[in-house]
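Novice: Pasting a structure here, questions to come.
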């Protein structure tokens, strides 16, 4: 408890110092620019890794930087510094002002509108400092790795166990008088091993992550899951080329909806470089599917009271009954489109897609025969056309039962059709991502094999 109290006191002092640095930068810029915004983020913590129970790496880090953007006659200049002394801040502000003299004017440049800002940022309970000494961190990593290694004699090698615990402080202020800050923590534990059988070697991993240390899975549970996943991949077969139903397992299904983020981002819309350009107000997903955004979810891994431009975040339905309700807008992209920022500078905040009442096992039965994808490779997705083609591995299913692992295949389709044709979403929700959803069943995709 003494260590946690020490961290809390230390963080309070650092937070005050960082707020002062932001205040100083804003004061220095105030008379020389039409507007300014300043942000500081600082991350402090420990990361350890083990291999065969021996310490491989212990890393303490304390990284921080101040970034300032000034606007003068519609011109923009930005500069940053890791030195937060008065002199360094003054130099950084001056550098931003100098840069602004030489950039081209842009009528859409400027600080976010005052009425959009988070002057009263809610406390989202993101800060849970841990009492973890280096020895305890090493022990946690080693236990996770050991649990994997001891699970089966076919596990012949290890890439190690790792444990990380960090806290962060974020401060943002601008020339409208906003100055807000919050603290957060993140703890994680993982294991990665290699299994071998009849000359075939396969590797996989498992991890757990949380704002609170005591909400992590036990090292033994992480190690056992890592072993199970790795062993399940042994002796993969190839498939012949065909069309078949496909289940995206929950951990890769998040990526299926992740492509939506880029497709409805304001930058892609005003550049007219998205295949969803004319889709606002249109149905792009099944009528039973809604994507909710919960930026104020307590202890949420992607929760934040304001975005990276100080705009307050709000609970929204991004997709309502299958219909696209809005673009994801930053201050700049909103102005380019004649709209207002939606608080998405810096990304999305806890998207949630509800399951339809089926467990993963019931989803397999629903599919009958087809492919379960558990890993995707490559970048073969076009944000302009929606064409989708990626390397995949997973499992072949017959009569609702997993038969054998498969690898070296490619799955292909078009995102518009894939999204519209989603048959159902299971209840096995992946909670470790900024998009939370279960496994997704698609009635048909092209599968290229041997």
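The values are calculated or read from the model by the stated rules, or taken from the named source; none is laboratory data. Computed from a prediction, not measured in an experiment: that's the story for all the values here. Using ideal geometry, Cβ is built from the backbone for each residue, glycine included, and neighbour counts are taken over all protein chains shown.
Novice: Output the number of residues of the range 190-204 satisfying the condition of being buried (at least 18 other Cβ atoms within 10 Å of the Cβ), touching a strand residue (DSSP E or B) at 6+ places or on another chain (Cβ under 7 Å) and within 18 Å of residue 406 (Cα to Cα).
Specialist: 2
Novice: Taking strands (runs of 3 or more DSSP E) that fall entirely within the range 8-125, which contain at least 2 residues that are touching a residue at least 12 places away in the same chain (Cβ under 8 Å) and within 30 Å of residue 163 (Cβ to Cβ)?
Specialist: Details: elements: 35-51, 54-72, 75-81.
Those strands (runs of 3 or more DSSP E) span 35-51, 54-72.
Novice: Okay, next question. When you check residue 280 against the structure, is it surrounded by 17 or more Cβ atoms within 10 Å (Cβ to Cβ) and in contact with a strand residue (DSSP E or B) (Cβ under 8 Å, 6 or more places away or on another chain), yes or no?
Specialist: no
Novice: I've got another one for you. Restricting to the range 186-200, count the residues that are in contact (Cβ under 8 Å) with a residue 24 or more places away in the chain and out of contact with any helix residue (DSSP H, G or I) (no Cβ under 8 Å at 6 or more places or on another chain).
Specialist: Number of matching residues: 6.
Novice: Surrounded by 21 or more Cβ atoms within 10 Å (Cβ to Cβ), in a strand (DSSP E or B) and at pLDDT 95 or above: is that true of residue 447 in this structure? Give the derivation first.
Specialist: Working: surrounded by 21 or more Cβ atoms within 10 Å (Cβ to Cβ): yes; in a strand (DSSP E or B): yes; at pLDDT 95 or above: yes.
Yes, satisfied.
Novice: Right, something else. Of the residues 270, 332, which is under 23 Å from residue 109 (Cβ atoms), in contact with a helix residue (DSSP H, G or I) (Cβ under 6 Å, 6 or more places away or on another chain), outside the structural domain of residue 110 (by TED's automatic domain parsing) and buried (at least 18 other Cβ atoms within 10 Å of the Cβ)?
Specialist: Among 270, 332, only 270 is under 23 Å from residue 109 (Cβ atoms), in contact with a helix residue (DSSP H, G or I) (Cβ under 6 Å, 6 or more places away or on another chain), outside the structural domain of residue 110 (by TED's automatic domain parsing) and buried (at least 18 other Cβ atoms within 10 Å of the Cβ).
Novice: Within the range 31-70, which residues are buried (at least 22 other Cβ atoms within 10 Å of the Cβ) and under 16 Å from residue 332 (Cα atoms)?
Specialist: Once the filter is applied, which keeps residues that are buried (at least 22 other Cβ atoms within 10 Å of the Cβ) and under 16 Å from residue 332 (Cα atoms), the range 31-70 yields 36, 37, 69, 70.
Novice: Here are some residues: 231, 216. Which one is crowded, with 17+ Cβ neighbours inside 10 Å and without any contact (Cβ under 8 Å) to a residue 40 or more places away in the chain?
Specialist: From the options 231, 216, the qualifying one is 216.
Novice: Taking the options 79, 130, 144, name whichever one is modelled with pLDDT of 95 or more and farther than 24 Å from residue 20 by Cβ.
Specialist: Of 79, 130, 144, the one residue that is modelled with pLDDT of 95 or more and farther than 24 Å from residue 20 by Cβ is 144.
Novice: Name the residues in the range 378-405 that are within 24 Å of the chain's Cα centre (by Cα), part of a loop (DSSP other than H, G, I, E, B) and free of Cβ contacts under 8 Å to residues at least 60 places away in the same chain, would you?
Specialist: Within the range 378-405, 378, 379, 380 meet the criteria.
Novice: In contact (Cβ under 8 Å) with a residue 40 or more places away in the chain, assigned to a strand (DSSP E or B) and out of contact with any helix residue (DSSP H, G or I) (no Cβ under 8 Å at 6 or more places or on another chain), is that true of residue 422?
Specialist: When the stated conditions are applied, residue 422 does not pass them.
Novice: Looking at 171, 246, 252, which is the one that is within 28 Å of residue 38 (Cα to Cα), at pLDDT 95 or above and either in contact with a strand residue (DSSP E or B) (Cβ under 8 Å, 6 or more places away or on another chain) or assigned to a helix (DSSP H, G or I) (or both)?
Specialist: Working: 246 fails: within 28 Å of residue 38 (Cα to Cα); 252 fails: within 28 Å of residue 38 (Cα to Cα).
Exactly one residue qualifies, and that residue is 171.
Novice: Additional query: So if I check each of 208, 241, which one is in contact with a strand residue (DSSP E or B) (Cβ under 6 Å, 6 or more places away or on another chain), closer than 17 Å to residue 429 by Cβ and surrounded by fewer than 21 Cβ atoms within 10 Å (Cβ to Cβ)?
Specialist: Residue meeting the stated conditions: 208.
Novice: A further question follows. Scanning the range 287-306 for residues that are buried (at least 18 other Cβ atoms within 10 Å of the Cβ) and touching a helix residue (DSSP H, G or I) at 6+ places or on another chain (Cβ under 9 Å), which turns out nearest to residue 435 (Cα to Cα)?
Specialist: Once the filter is applied, the top-ranked residue is 291.
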